[in-house]
1. Please work out which one of (1) touching a strand residue (DSSP E or B) at 6+ places or on another chain (Cβ under 7 Å); (2) free of Cβ contacts under 8 Å to residues at least 60 places away in the same chain; (3) charged (D, E, K, R); (4) farther than 12 Å from Trp7 by Cα is the condition Glu30 fails and give its number.
2. For the range 56-90, enumerate the residues that are touching a strand residue (DSSP E or B) at 6+ places or on another chain (Cβ under 8 Å), of a type in the set (Ser, Thr, Tyr) and assigned to a strand (DSSP E or B).
3. I'm trying to understand the selection: among the residues of the range 1-28, which are surrounded by fewer than 16 Cβ atoms within 10 Å (Cβ to Cβ) and in contact with a helix residue (DSSP H, G or I) (Cβ under 7 Å, 6 or more places away or on another chain)?
4. For the range 30-38, check the following and say yes or no: at least one residue is among the charged types (D, E, K, R) and exposed (fewer than 13 other Cβ atoms within 10 Å of the Cβ).
5. So, in the range 100-115, of the ones that are outside any helix (DSSP H, G or I) and under 12 Å from the mean Cα position of the chain (by Cα), which residue ends up modelled with the lowest pLDDT?
Amino acid sequence: MDEKKKWHAVYTRARWEKKVSDILTRRKIENYCPVNKVVRQWSDRKKVVHEPLFTSYVFVRVAEKELIPLKQTEGVINLVYWLRKPAVIRDTEIEVIRHFLDEYPAVKLERTSVSVNDTVRIVGGPLIEREGHVVAVKSKTVKVILPSLGYSMVAEVETANVEVIIRTIAPPSELPHTKYATK
C-alpha cells in the first residue's frame with residue numbers, strides 16, 4: 001500500500017536552509033525552501049539576493065515512514081512538532097506561500113497567535129465588546145494567515161487592487177486604521 005505523502009517542516013542548522021534543500025533534492029525528496037527576493041545595499045551597489053523566508057525551516061513532502069531517515073539528513077536538526085507529533089502542513093498553505101512569493105516582492109514575516117477562523121472579541125475602538133471574525137487592513141498592507149505555522153505574511157499592495165466586499169457599520173472616516181467585519 002502506497003502511504004500518502006504530507007508536508008512537514010524540518011528545523012535546520014542556522015543558514016543551512018538552501019543547503020538542506022539541495023541535499024534533499026539530490027536524494028529525490030520533494031521539498032520547498034521558500035525564498036524571498038530582497039534588495040541588499042552595499043557601499044558601492046545594490047543587489048537582489050534570495051534569502052530563505054522562514055529562518056531555519058525547510059518544508060518536505062514525505063510519507064510517515066520517511067520521517068526517521070529524514071532526521072538523519074546532514075543539516076537537519078529535527079522535525080517541527082505540534083502536540084508531540086510531527087506537524088503536518090496543509091497543501092493549501094504551501095500553495096499560499098508559493099503564490100504569495102510569486103506575486104509580492106520583499107515579503108516580511110510576523111509572529112501571530114491568531115489562527116484562521118478564530119472567533120475574537122474586540123477590546124478597543126468603536127466596535128468594542130463585539131464578537132466576530134476579524135479582517136485587518138492597514139494602510140497599504142495585506143496579511144495572509146498561515147495557521148499551522150503561526151506566522152502571517154505581510155506585503156505592500158496597491159489600494160487600487162483592494163475591493164471592499166462587506167461595508168463596516170461605521171463610515172470609514174470614523175474607524176481606526178484596522179477595520180473589523182462583524183457577524
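1. (4)
2. Scanning the range 56-90 gives a single hit, Tyr57.
3. Result: Glu3, single match.
4. Within the range 30-38, one or more residues are among the charged types (D, E, K, R) and exposed (fewer than 13 other Cβ atoms within 10 Å of the Cβ).
5. So, considering only residues that are outside any helix (DSSP H, G or I) and under 12 Å from the mean Cα position of the chain (by Cα), the one modelled with the lowest pLDDT is Ser115.
The values are calculated or read from the model by the stated rules, or taken from the named source; none is laboratory data. What you are looking at is a predicted structure, and each value in this text was computed from that prediction instead of being measured. With ideal geometry, Cβ positions are generated from the backbone for all residues, glycine too; neighbour counts draw on all protein chains shown.
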